[in-house]
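Remarks on the structure that follows.
Every number in this text was worked out from the coordinates using simple rules, so none of it is lab data. The structure presented is a predicted model; accordingly, all values stated were derived computationally and were not measured. Using ideal geometry, Cβ is built from the backbone for each residue, glycine included, and neighbour counts are taken over all protein chains shown.
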Amino acid sequence: MEFRAARDIKAGEELFIQYTEPTFSTSRRQEELKPYGFQCGCESCTTSSHSDLVRKQLHRNIPMRVGYSRLVVFLMTPGLPESYVVDHSLQQLELIEHAGLEVSHFYSMHLKFLVEAYCAAGNVQKVLIYMRKAEAIERALSGGEEKSIKALMKMIKEHQRWDWKKKIQDVTEAAGFYA
Ligand SMILES: [Zn+2]
């Protein structure tokens, strides 16, 4: 069996295997664990009042299609700041990392939004932060070597959204829109 980590592991921290969807509430997870005949002793199950609260906030996540629509609106609207896309994703990312739920599909989705939005805004430092996180998840899921900063920088500069906001601004100005 091979274990690949999507986040840092403390010395002596026990590793768990998921038998059910980890973003479900404690009672729902316990219900789904019944056929296996054991009581889960992970941190989320033993601190359910806190972990359930975090999950409740996580499920206030905007649906994926709404997230994509917002991203498109941001890309196509000159002058609309990146906070329109990134605020919600940053808040959700913090929750996910706090709960150690990096394995959740929400995590990859928000990382993708952040990379796209910061790429479009031409903010290389921010893109690097979230691209590295996305790469770590990708490696945890499919293996492979860690990419060098040089390789990541190349990916950013070749990204289809790189500096997009500036380009769309120039194009709309040249065309006489928003004059
Ligand atoms: Zn558990």
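Remarks
- Of the GluC sites (Glu not before Pro) in segment 88-170, those whose Cβ has at most 14 other Cβ within 10 Å and which sit in DSSP loop: E145, E146, E158
- F3-M109 FRET efficiency (beta carbon distance; Förster radius 30 Å; 0.05 resolution): 0.80
- Distance (nanometres) between label positions extended 7 Å along Cα→Cβ at K167 and H98: 3.7
- Per the chain, cysteines lacking a partner by the 4.7 Å Cβ criterion: C42, C119
- D by Stokes-Einstein for segment 19-114, Kirkwood Rh over Cα pairs, 4 °C, 1.567 mPa s: 88 µm²/s.
- Mean residue ellipticity (222 nm) of the chain, computed from DSSP H runs ≥ 4 via -39,500 (n - 2.57), nearest 500: -18500 deg cm²/dmol
- Lys, Arg +1 and Asp, Glu -1 on Cβ, resulting dipole of the chain about Cα centre, debye, nearest 20: 400
- FRET efficiency for A174 and N123, using Cβ-Cβ distance with R0 set to 22 Å, rounded to 0.05: 0.40
- When the pairs K10/K150; K126/K154; K56/K133; K126/K150; K133/K167 are compared against a 20 Å limit on Cα-Cα distance, K10/K150; K56/K133; K133/K167 fall above it.
- Gyration tensor (alpha-carbon) shape descriptor, segment 106-152, a/c threshold 1.5: oblate
- Length gained on full extension, R65 to L15: 14.7 nm, using 0.36 nm per residue less the C-alpha separation.
- Whole-percent pair-distance distribution, where bins are 10 Å wide, for the alpha carbons of the chain: 8, 30, 31, 19, 9, 3, 1
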